[in-house]
1. What does the charge dipole of region 1-155 about its Cα centre add up to, to the nearest 20 debye, if the Cβ of each Lys and Arg holds +1 and the Cβ of each Asp and Glu holds -1?
2. Among K219/K239; K216/K253; K104/K362; K15/K62; K59/K104; K124/K216, which pairs are too far apart, with a Cα-Cα distance over 26 Å?
3. For region 1-115, what value does the Rg/Rh ratio take when both radii are computed over Cα atoms and Rh is the Kirkwood radius, given to two decimals?
4. May I ask you to evaluate 6.51 cos²θ - 1.76 cosθ + 1.60, the Karplus curve with θ = phi - 60°, for each residue of region 192-207 and list the ³J(HN,Hα) values in order in whole Hz, giving x for glycine and proline?
5. Under unit Cβ charges (Lys, Arg +1; Asp, Glu -1), what dipole magnitude, rounded to 20 debye, does the chain have relative to its Cα centre?
6. Over 40 Å apart: what share of the alpha carbon pairs of the chain falls there, rounded to a whole percent?
7. Quick query: amide H of V289 versus all other amide H atoms, modeled in the peptide plane; which residues come in under 5 Å with a sequence gap of 5 or more or a different chain?
8. Which cross-chain or sequence-distant (5 or more) residues have an amide H under 5 Å from the amide H of I17, H modelled 1.01 Å from N in plane?
Amino acid sequence: MSKTPSLPTRKPSSKIIQGDVRSILRSVPEDWFHCVVTSPPYFNLRDYDLPPLEWGVEKECKHVWDDDGYCIRDCCGAWRGCLGLEPNPELYIANLVEVFEEVKRVLRPDGICWLNLGDCYSGKELWGIPWKVAFALQEAGWFLRTDIVYAKSNPIPESVGGWCNELVLDDKGESVQCENCSDGSCGDCWEGKRIKRKRGSWRPTRSHEFIFMLMKNDKYFADRDAVMEETITREGVRKNPRSVWTHSTVPFKDCHFAVFSADLVRRPVRASVSERGCCDNCGAPFLRVIRRTKVKDRDDKELRMSLEKLRFGKAPPPWKGWEAKRELLGWAPSCNCSTVETVPCRLLDPFCGSGTMGLIAKELGLDFVGVDLSELYCDMARKRIREFDPDR
Ligand SMILES: C[S@@+](CC[C@H](N)C(=O)[O-])C[C@H]1O[C@@H](n2cnc3c(N)ncnc32)[C@H](O)[C@@H]1O
Ligand SMILES: [Zn+2]
Ligand SMILES: [Zn+2]
Ligand SMILES: [Zn+2]
């Protein structure tokens, strides 16, 4: 059993399925995927030009829909429309929870689901949608492990002004003289020049979204060694990734929405699957066999201190003098099946859009299933994945 298995010999597969995610996932065996990474339509953001679907249908009913999409029959409560275009956030959240019930069914008990969500404003007030969704998913039985801030290094500029008095200018750009006084005593001018009072509702430009790390329970597989980061100060010593991930957004010519940046989504996938694959019988991921040794600090302590001072503006806490080195010796199964054969781990994106997750799957040697309601985006995703060469 301790023999290190070879890499999966079977070529990873990729499947893009067109349809409503809820019905497509019903045909997938339960406990199937090791990892889900997805970005559903955000609330109130854009119309994907998709056919309306029925939501919250709990019993048989010959629905009669009103103008807002609600069924007017007694005690029905169903709504017909597109995910993201609900008349209020409560309904959007309920519909997302409905989708994620199906996602939960097909996620392995040791799997991880990464959910990317952005917020929006109701007039000037923030809805707080991502956290409302996170709480609702918790209520629905999901285990919420952490939030991650996806910080965009190139956010869309917003014009949000504050309070000030602005000089009124004429066509030539010259300030306009006050008609009442010449010294500002009238209260509506400044030193005799006309001013306009501005009371904007200033706030910082929104430049982040959330990624929630969710699972079925707290006993989930994660490969931290796959995602440890290099440190600038100590060669060979790596640190755990932090919970703020800064990346630029990626415009994609054929899409009207923001596509995932590959650099943003590669890390969560690598943390959720085994590089060595999983058991061909039960799907359990193979685990690294690690030799963890403590090594004495070398004498570059001063260099390290000065580098950290440069980086953080202050000296780091006292160095304990020891550090852990982690060496990979091999791989071992996490199940008791007698097999040492591995097959690729399985990745799902239930709202796959242009298929970015399919590219990541191809790059990392994973089986991929992508679902999207749009035939157009399914075709685009298939083409993109087919033409993607991870070695280029
Ligand atoms: C924000 S986009 C996903 C973008 C994707 N992360 C990428 O990198 O291209 C959301 C996608 O959800 C799809 N969608 C909307 N409602 C759906 C449903 N009920 N079932 C499946 N897909 C749906 C839309 O067609 C759209 O492509
Ligand atoms: Zn009804
Ligand atoms: Zn005046
Ligand atoms: Zn097994």
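We did not get these values from a lab; they are worked out from the coordinates using the rules stated. Predicted model, so just to flag it, every value in this text is computed and none were measured. No Cβ is skipped: glycine too gets one built from the backbone with ideal geometry, and neighbour counts run over all protein chains shown.
1. Numbers: 18 positive and 22 negative charges, 207 e Å.
Computed charge dipole of region 1-155: roughly 1000 debye.
2. Numbers: K219/K239 23 Å; K216/K253 37 Å; K104/K362 24 Å; K15/K62 35 Å; K59/K104 22 Å; K124/K216 36 Å.
Result: K216/K253; K15/K62; K124/K216 exceed 26 Å.
3. Numbers: Rg = 18.3 Å, Rh = 16.7 Å.
Rg divided by Rh gives 1.10.
4. Each residue's phi maps through the Karplus curve to give x, 9, 5, 10, 10, 7, 10, 10, x, 9, 5, 7, x, 4, 6, 9 Hz.
5. Working: 60 positive and 59 negative charges, 437 e Å.
It works out to roughly 2100 debye.
6. On the way: 25292 of 76636 pairs.
Roughly 33 percent, once rounded to a whole number.
7. Correct list: L329, G330, W331, A332.
8. Sorted by chain and number, the residues that satisfy this are G370, V371, D372.
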